Structure formats: structure tokens, C-alpha cells
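Notes follow the structure.
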Amino acid sequence: MKACLLRAPAAIETNPLEYGDVAAPEPKSGEVLVRVRACGVCRTDLHVIEGELPPRKSPVIPGHQVVGIVERQGDKAQRFGIGDRVGVAWLHRTDGTCEYCKANAENLCDNPTFTGYSVDGGYAEYLVAPEDFIYAIPTGFPDEQAAPLLCAGIIGFRSLRLSGIRAGGRLGFYGFGAAAHVAIQVARHWNVQVCASTRDARHQKLALELGAAWAGGTFDEPPEKLDAAIVFAPAGEIIPAALKALKKGGVLVLGGIHMSPIPSFNYELLYQERVIRSVANNTRKDGEDFLRVAAEIPIRTRVQIFPLHEANRALNALKNDAIPGAAVLRVSP
Ligand SMILES: [Zn+2]
Ligand SMILES: [Zn+2]
């Protein structure tokens, strides 16, 4: 099969993904073989490729927002039929036995594997995944539109939940890429007012088009204090600015898997019971709940489509803030 292979982490400017032929995977017991139709491009892929996350498998095929068709079932796999359209996301498998799994916090599992990081992902014509960890994709979403729902969408949704925001509240977004452009649609559906702070003028424009009450630069102060905020950009220097914009008791959620160092700041920015918390991965319930809400709204993703062999170009564009919405690789029609 054709795939994009990362042999060793390197700056994306050096185009480290090699497009070529590799052996197609075989589904093991409880797994399905998925023929990939589309795979979203996520900032986490960039962190994997550039080595900001320590390598777990080498070489590796990145990609964890996969929409495809069940091509074959491994032994004992029976949840999906051949030809069913499914989604494969970041959480590839958990052990199901650790204290976190037993406490309904499988996102914090002690022994997880991750798609496109510790196992091969969707920048390829085929991948395998455990049937218990994949999703039915609601009808009504074209393949390319559905792909960004599987990480940008699910993680944005979990970030919204952890922010504790309620109807009528005011929520800040710092960074306005793939996750934020989906999360704002959920927030608006919940009757939450959104203020978007982002350095790129095109992203500010997209935020306003999607219903933001205000959009400005990353370090511009929103017109009114925020009940909660979500930092989507992987830049630690945003945190003091975001804390400054929060009301007393406000919650600051960090939505990324990696962030540059956080500068020191005065305690008064945190005092008055402000809270900072991170988001790590997602549970399957987050995914199921989000996909149901996404179909109800329905969410419309803005996607820029690249062919599979141009994955390096898509990732370079992502790094340069040149994607309004989400980048998606089209693998097969
Ligand atoms: Zn576990
Ligand atoms: Zn992701």
C-alpha cells in the first residue's frame, strides 16, 4: 500500500515524511482492517514528526483522524460489517485494567497506545484498529468534513466540558485552528458567547464568520472578562495573558498535548480561585457524545484538502498558520 512514513523526527521544513510502498497491515483478533478515505492533519502530528513528543515507534505512519471503510474483520471482530464507514481516533487502545480505566478515566490510562504515534496511523491506504475503539460516522458528513471531527472535534469538545462553561457565559479561545473552529460551533449551539484571540488575521476573520462576538490579537484584552478560556495554541507565553482576561473563579483549560515553557507570573493572576487545567486525550464516551452533538447541530467543518502524497506540504502549511479551519488528506475516493 501507499503510505507516508516517518523514519526519524525532523523539522517539517525538511519534508521528513517519505511517500512510498509499505506492506499493508493485517487485522489481529478483535481488530478491523480499514481502507482509508480521508485523514485529518492535526498539530499533534507535527509534534510527533518534529520530535517534540518522544518517539514511541520508528518508523511510524502518522495520522489519527481517519475516516474509512471496514475492509476486513480480524478473528472475533463483529461490531462492524464489511463496508461500514468508521472513524479511527487518537486513543488506539487502553489496558482496561489500571486504576484510571476502572474509574471511567481511560483517557489517563497507564498503558495506552495512540494511533499514528505508538502504532501506525492513517497517512496510508490502510490501517488496523481494535473495533472497540472506533466510531460509527454519522451519515450526512462527507468523508473529508468528518475527518477533523475525530481529534480536533473530540478534544475541543472535552475542553469545552472541562471549562465548565454554561449557557449565557463568556468563553475565550486562544488560537483559532482546527479544534477551535469546531468548538465554537458547539459553544454557539449552547448559547455561549465566544471571544477569539489569535495572531493570524485570517483566523480572526474565520472566528467572526463562525459567530465569535469579538476577535483580536493573542495579547489583546477581550472587551469583557471571561468566565472560562481554552488555550488551543501550543505557546506557553499565552497563559499569563489568558489568566489576566479571566474573571474570579474562572477556569483556564489547556487543550494541547505539548506546549512551550510557561513563563513565571505573579500569583495575583491565579489568586481568587482561578484554575488552570490540561486536557489529556479523550474517553470513548467523549467521542460518542461529541459525534452525536456534531450531527444534531450539524457542525460544518472548513477543510483544505491535500492528496496523501502531499502530507509534508499540508503540515508545513499548518505550521505557518496557512490553513483556515482544518487540513485533510484525501487518500481514496
Ligand atoms: Zn488503563
Ligand atoms: Zn490530534
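Quick rundown of the values:
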| read-out | value |
| --- | --- |
| Convex hull volume per residue for the stretch 180-333, taking Cα atoms only, in Å³ | 136 |
| Table column - 3J(HN,Hα) (Hz), the stretch 282-291, Karplus curve with 6.51, -1.76, 1.60, x for Gly and Pro | 7, 8, 5, 5, 3, x, 4, 4, 5, 5 |
| Per residue, in Å², the accessible surface of the chain once ligands and nucleic acids are set aside, probe 1.4 Å | 42 |
| Within a Gaussian network of the chain (alpha carbon springs, distance under 10 Å), most fluctuating of 271, 123, 19 | 271 |
| Long-range amide H partners of residue 169 with built H, under 5 Å | 193 |
| Probe 1.4 Å, all protein chains present, accessible-area order of 214, 90, largest first | 214, 90 |
| Unit charges on C-beta of K, R, D, E only; dipole of the chain, Debye | 620 |
| Of all accessible heavy-atom area on the stretch 164-286, the percent that carbon and sulfur account for (1.4 Å) | 50 |
| Candidates 98, 109, 151, ranked by Gaussian network fluctuation over the chain, Cα under 10 Å, top entry | 98 |
| 5 angstrom amide H check on residue 260, placed H, neighbours 5+ away | 235, 236 |
| Net length gained if the chain between residue 11 and residue 267 were fully extended (0.36 nm per residue, minus Cα distance) | 88.5 nm |
| Mean residue ellipticity (222 nm) of the chain, computed from DSSP H runs ≥ 4 via -39,500 (n - 2.57), nearest 500 | -6500 deg cm²/dmol |
| Nonlocal amide H pairs with residue 129, under 5 Å, H built at 1.01 Å | 32, 34 |
| HN-Hα J in Hz across the stretch 18-35 - Karplus 6.51, -1.76, 1.60, θ = phi - 60°, x for Gly and Pro | 9, 8, x, 9, 9, 5, 6, x, 10, x, 8, 4, x, 10, 10, 8, 10, 8 |
| Long-range lysine pairs (8 or more apart or interchain), the chain, Cα under 12 Å | 4 |
| The chain - Kirkwood radius from inverse mean 1/r over Cα pairs (Å) | 20.0 |
| Debye, to nearest 20: dipole size of the stretch 1-78, +1 on Lys, Arg Cβ, -1 on Asp, Glu Cβ | 240 |
| Most mobile of 200, 45, 110 in a GNM of the chain (Cα contacts under 10 Å) | 110 |
| Accessible area in the full protein assembly, largest first, 1.4 Å probe, for 97, 139 | 139, 97 |
| Solvent-accessible surface (1.4 angstrom probe) belonging to residue 237, in square angstrom, nearest 10 | 90 |
| Listed residue (193, 229, 12) projecting farthest to the positive dipole end of the chain, Cβ model | 193 |
| Computed Rg/Rh of the stretch 281-333, alpha carbon atoms with Kirkwood Rh | 1.08 |
| Where only alpha carbons of the stretch 227-274 are counted, the Rg and the Dmax (Å) | 10.3, 27 |
| Centroid-to-centroid separation of the stretch 87-106 and the stretch 109-126 [C-alpha atoms, Å] | 14 |
| Shape box of the stretch 198-264 [Cα atoms, principal axes, largest first, Å] | 33, 26, 18 |
| Heavy-atom SASA rank of 198, 14 (probe 1.4 Å, accessible area, largest first) | 14, 198 |
| Convex hull projection area averaged over all views, the stretch 97-199, Cα basis, nm² | 8.8 |
| In Hz, Karplus ³J(HN,Hα) per residue of the stretch 71-86 (6.51, -1.76, 1.60; θ = phi - 60°; x = Gly, Pro) | 9, 7, 9, x, 3, 6, 7, 9, 5, 10, x, 5, x, 5, 8, 9 |
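The values are calculated or read from the model by the stated rules, or taken from the named source; none is laboratory data. On a predicted model such as this, the values are computed, not experimentally measured, just so you know. In this analysis, Cβ positions are derived from the backbone assuming ideal geometry, glycine residues included, and neighbour counts consider all displayed protein chains. Keep in mind that these areas ignore ligands, DNA and RNA; they rest on the heavy atoms of the full protein, side chains included. Shrake-Rupley method; radii C 1.70, N 1.55, O 1.52, S 1.80 Å.
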